1. Assuming Gln47 fulfils every condition listed in (1) touching a helix residue (DSSP H, G or I) at 6+ places or on another chain (Cβ under 7 Å); (2) modelled with pLDDT under 95 apart from one, which condition is it?
2. Residue check: is Glu9 assigned to a loop (DSSP other than H, G, I, E, B), of a type outside the set (Ser, Thr, Tyr) and under 15 Å from the mean Cα position of the chain (by Cα)?
3. Ile11 passes all but one of (1) hydrophobic (A, V, I, L, M, F, W, C); (2) at pLDDT 95 or above; (3) surrounded by 11 or more Cβ atoms within 10 Å (Cβ to Cβ); which number fails?
4. Restricting the search to segment 14-54, which residues are hydroxyl-bearing (Ser, Thr, Tyr) and either surrounded by 11 or more Cβ atoms within 10 Å (Cβ to Cβ) or more than 30 Å from Tyr3 (Cβ to Cβ) (or both)?
5. Return the total of residues in segment 12-54 being free of Cβ contacts under 8 Å to residues at least 24 places away in the same chain, in a loop (DSSP other than H, G, I, E, B) and among the aliphatic types (A, V, I, L, M).
Amino acid sequence: MKYINKGKEPIEFAEWKGLANENWQPSYDDLQNPEKTIVRTALMEEQGYICCYC
């Protein structure tokens, strides 16, 4: 497994999670664009565009 030096989460993702309240909790099923693309791009960059298991 490749070592991944984890960085900070994208600010847009943190803000989306910050919308949580008693009636709604963020979940993967709720993750939509643009946040989903931002998170995916950040992960790909962080991992050097390869699978972390490769």
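1. (1)
2. Criteria met by Glu9.
3. Going through (1) hydrophobic (A, V, I, L, M, F, W, C); (2) at pLDDT 95 or above; (3) surrounded by 11 or more Cβ atoms within 10 Å (Cβ to Cβ) one by one, Ile11 breaks only (3).
4. From segment 14-54, those hydroxyl-bearing (Ser, Thr, Tyr) are 27-28, 37, 41, 49, 53; that's our starting set.
Answer for segment 14-54, where residues must be hydroxyl-bearing (Ser, Thr, Tyr) and either surrounded by 11 or more Cβ atoms within 10 Å (Cβ to Cβ) or more than 30 Å from Tyr3 (Cβ to Cβ) (or both): Thr37, Thr41.
5. Looking only at that region, the number is 3.
The values are calculated or read from the model by the stated rules, or taken from the named source; none is laboratory data. It should be emphasised that the depicted structure is a prediction, and the values quoted were computed from it without experimental measurement. FYI the Cβ positions are ideal-geometry reconstructions off the backbone, even for glycines, and counts take in every protein chain you see.
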